[in-house]
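Data first, discussion second: the structure below is written as structure tokens.
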Amino acid sequence: MIGINQLRLTAEQRAAVEWPAIGQEHRALIGPAGTGKTTALIHRVAHLLEQRVPGYSILVLVPDRQTRERFRDLLSQVVREPHSDVEIFTYYSLARRFVTLFWPLVARDAGFDHPERPPAFITFELAQYLMHRIVVPLVEAGFFEGLALRPARLVSQLLDNLNRAAVNGYHYSEIGARLKGGWPGDVDRLVYFDQAQACADAFRGECLERGVLDISLTTEVFHQQLIRNPHFWRYFTERYRHLIVDNLEEMVPTAHELIRKLLPATDSALLAMDEGGGYRYLLGADLRGAQELVAATDRQMRLDHTFTASPSMLALGRLVAGYLGDVTRRPAVRDHALPPLHLIGRPYRSQMIEAVAEEIGR
């Protein structure tokens, strides 16, 4: 029997945790930040382990490394026995793990010049260096003439084009056409998008020749090649029978597509989404895709009681959101029972900082 530290859960959290490990039921947890959704997910993992579910058959997906470490630390506080078989991934770390494991299955079809060689994954900094080597001679030859961009900024933007193509599930060869299709300005500047496409082509060709994978190529190989391979998919779905997803709204479209494809094959799934989230929009987060996934689950469960904010702060948040245009969060009636906010006014910035610090220290 797995040792479980039973923390006190609310009735709503317990309903999200204690349901059968079989039956192909998929549930979603919805609510504001701080309402205990992650806690419920962790206890769901513990509940599955207590029901004799093998840890290696549980797939936990989170949006970033910081959340992964926090999830792992909290899980270790709940499950007293070793739980190393429970794997917690970001979408990219999952892609990298299985591209490495199934490299012989996809390397040739992905277009690598030397598929017999093992893959070499490069950091963003190394990708910048490689792109810089490609871009500098092209700029000297007249590319991007008239653009007031520093080389470092240009390199970052070109890599961002590749990353956005990958996480949105379209081929890198479409970058130029898509950029031109969304450009509302002077047609004379459309040539820059053709030049951006040429840089992307050269960078990708260099990666395929050298056998190196940046973030975009790793994602593309995983999404376009690996998960569409029937041999891999049979292995993947036979291994991972239970799915746990935290902060669904902060994930990219290709992650959502993987989850959507995996759900019918799982024995159970619990997805958590923050209402009003999707703050990683500039990094590719897809709030609408998350909402569609939640709507497709068998049961949606709400958590509304916050453990991290006072009623007055919640009311302030609703008030500010309402004035910013979010009518769904605008309070219908002013709550006069809440304590009034204390306004601090000082003529100088240094005095304001000191006054705020004094107020906090009370």
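The values are calculated or read from the model by the stated rules, or taken from the named source; none is laboratory data. Remember, it's a predicted structure, so these values are computed and weren't measured experimentally. Every residue, glycine as well, gets a Cβ built from its backbone with ideal geometry; the counts of neighbours run over all protein chains shown.
Would a scan of segment 281-291 turn up a residue that is closer than 27 Å to L9 by Cα and either touching a strand residue (DSSP E or B) at 6+ places or on another chain (Cβ under 9 Å) or among the β-branched types (V, I, T) (or both)?
Taking every residue of segment 281-291 in turn, at least one turns out to be closer than 27 Å to L9 by Cα and either touching a strand residue (DSSP E or B) at 6+ places or on another chain (Cβ under 9 Å) or among the β-branched types (V, I, T) (or both).
Test V79 against the stated conditions and say whether it is over 24 Å from T237 (Cα atoms), touching a residue at least 40 places away in the same chain (Cβ under 8 Å), out of contact with any Cys (no Cβ under 7 Å at 6 or more places or on another chain) and not aromatic (F, W, Y).
Numbers: over 24 Å from T237 (Cα atoms): yes; touching a residue at least 40 places away in the same chain (Cβ under 8 Å): yes; out of contact with any Cys (no Cβ under 7 Å at 6 or more places or on another chain): yes; not aromatic (F, W, Y): yes.
The answer is yes for V79.
Residues checked against (1) within 30 Å of L59 (Cα to Cα); (2) touching a helix residue (DSSP H, G or I) at 6+ places or on another chain (Cβ under 9 Å):
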| position | (1), (2) |
| --- | --- |
| T90 | yes, yes |
| F102 | yes, yes |
| A110 | yes, yes |
| P115 | yes, yes |
| R133 | no, yes |
| E140 | no, no |
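If you go through segment 75-95, how many residues are buried (at least 16 other Cβ atoms within 10 Å of the Cβ) and more than 23 Å from S216 (Cβ to Cβ)?
7
What pairs can you find where one residue is in segment 144-164 and touching a residue at least 40 places away in the same chain (Cβ under 8 Å) and in the same structural domain as I175 (by TED's automatic domain parsing), the other is surrounded by 14 or more Cβ atoms within 10 Å (Cβ to Cβ) and β-branched (V, I, T), and their Cβ atoms are less than 6 Å apart, with a gap of 6+ or different chains?
N163/I215
Wholly within segment 158-225, which helices (runs of 4 or more DSSP H) include no fewer than the required count, namely at least 1 residues that are surrounded by fewer than 16 Cβ atoms within 10 Å (Cβ to Cβ)? It would help to see each step written out before you state the result.
On the way: elements: 175-181, 191-210, 215-220.
Once the helices (runs of 4 or more DSSP H) in segment 158-225 are filtered for at least 1 residues that are surrounded by fewer than 16 Cβ atoms within 10 Å (Cβ to Cβ), what remains is 175-181, 191-210.
Any residue in segment 19-30 that's in contact (Cβ under 8 Å) with a residue 40 or more places away in the chain: show its pairings with residues that are in a loop (DSSP other than H, G, I, E, B) and polar (S, T, N, Q) at Cβ separation under 6 Å, as long as the two are six or more apart or on different chains.
Once the first residue is in contact (Cβ under 8 Å) with a residue 40 or more places away in the chain and sits in segment 19-30, its partners that are in a loop (DSSP other than H, G, I, E, B) and polar (S, T, N, Q) give A21/Q51; H26/T297; R27/T297; A28/T297.
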